[in-house]
1. Find the residue count for segment 1-24, including only residues that are in a loop (DSSP other than H, G, I, E, B) and exposed (fewer than 14 other Cβ atoms within 10 Å of the Cβ).
2. Which count do you get for residues in segment 79-122 that are among the basic types (Lys, Arg) and either outside any loop (DSSP other than H, G, I, E, B) or under 24 Å from LYS66 (Cβ atoms) (or both)?
3. Mind listing just one residue for me: the one in segment 29-46 that is among the hydrophobic types (A, V, I, L, M, F, W, C) and in contact with a strand residue (DSSP E or B) (Cβ under 6 Å, 6 or more places away or on another chain) and, of those, nearest to ALA140 (Cα to Cα)?
4. When residues of segment 119-135 are filtered for being among the basic types (Lys, Arg) and closer than 25 Å to ARG153 by Cα, how many remain?
5. Determine which single condition GLY31 fails, assuming it passes every other condition in (1) under 19 Å from the mean Cα position of the chain (by Cα); (2) surrounded by 14 or more Cβ atoms within 10 Å (Cβ to Cβ); (3) not hydroxyl-bearing (Ser, Thr, Tyr).
6. From the list VAL78, VAL116, VAL48, pick out the single residue that is of a type in the set (Val, Ile, Thr), loosely packed, with under 11 Cβ neighbours inside 10 Å and more than 29 Å from ALA152 (Cα to Cα).
7. So is GLU72 farther than 26 Å from ILE144 by Cβ, surrounded by fewer than 18 Cβ atoms within 10 Å (Cβ to Cβ), out of contact with any Leu (no Cβ under 6 Å at 6 or more places or on another chain) and not aliphatic (A, V, I, L, M) or not?
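The values are calculated or read from the model by the stated rules, or taken from the named source; none is laboratory data. Computed from a prediction, not measured in an experiment: that's the story for all the values here. So basically every Cβ, Gly included, is an ideal-geometry build from the backbone, and we count neighbours across all protein chains shown.
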Amino acid sequence: MKAIRLKTEHLFDPLGIDIRHPRLMWNCEGGIKQTAYEIIALNADGAVLWESGRAESDAMHAEYPKPLASRERVNWKVRLYDENGGAGEWSEAFFEMGLLQKTDWTAKWITGNYSVNKKERYPADCFRKVFTAAKPVKRARLYITACGLYEARLGGKRSAIS
């Protein structure tokens, strides 16, 4: 028996969630009935954050019980036990926390250099920030919003936005 379609708060591998104790969910494949599950949660370095132990349950969900911090990434895996008590293979997923505290937002909002007249239409603003990283970047996250309409570029190439 194997867990498939692993989700956190109804989303596949979500980035930027703000639920403090997110629900981990899955569906079953193979076997007749799930009789137990086991979950292990790891941080980005592979250190164990939480282990559920074997939970005797046919429920296909569990709540992540530990406190979470802004920007924290949790890699989680689950294995299921079938109607005969046999353990299935591990299935893996992740979730990443967004900015949870007001003080986590350190950037300044940027806007156009004009006063808005609600009866006029304006062209789209284009904002640009040129910077050079002092050392190689291992990982970065851009927190951006523009009423759902934006395009981010890094190194002149369009960035994949999740």
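1. Counting residues in segment 1-24 that are in a loop (DSSP other than H, G, I, E, B) and exposed (fewer than 14 other Cβ atoms within 10 Å of the Cβ) gives 5.
2. Selection size over segment 79-122: 2.
3. ALA44
4. Qualifying residue count, segment 119-135: 3.
5. (1)
6. VAL48
7. For GLU72, the condition - farther than 26 Å from ILE144 by Cβ, surrounded by fewer than 18 Cβ atoms within 10 Å (Cβ to Cβ), out of contact with any Leu (no Cβ under 6 Å at 6 or more places or on another chain) and not aliphatic (A, V, I, L, M) - is not met.
Okay, residues lined up against (1) among the small types (Gly, Ala, Ser); (2) modelled with pLDDT of 95 or more; (3) in contact with a Gly (Cβ under 7 Å, 6 or more places away or on another chain):
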site: GLY46; (1), (2), (3): yes, yes, no
site: SER52; (1), (2), (3): yes, yes, no
site: SER57; (1), (2), (3): yes, yes, no
site: HIS61; (1), (2), (3): no, yes, no
site: TYR64; (1), (2), (3): no, yes, no
site: ALA87; (1), (2), (3): yes, yes, no
site: ALA107; (1), (2), (3): yes, no, no
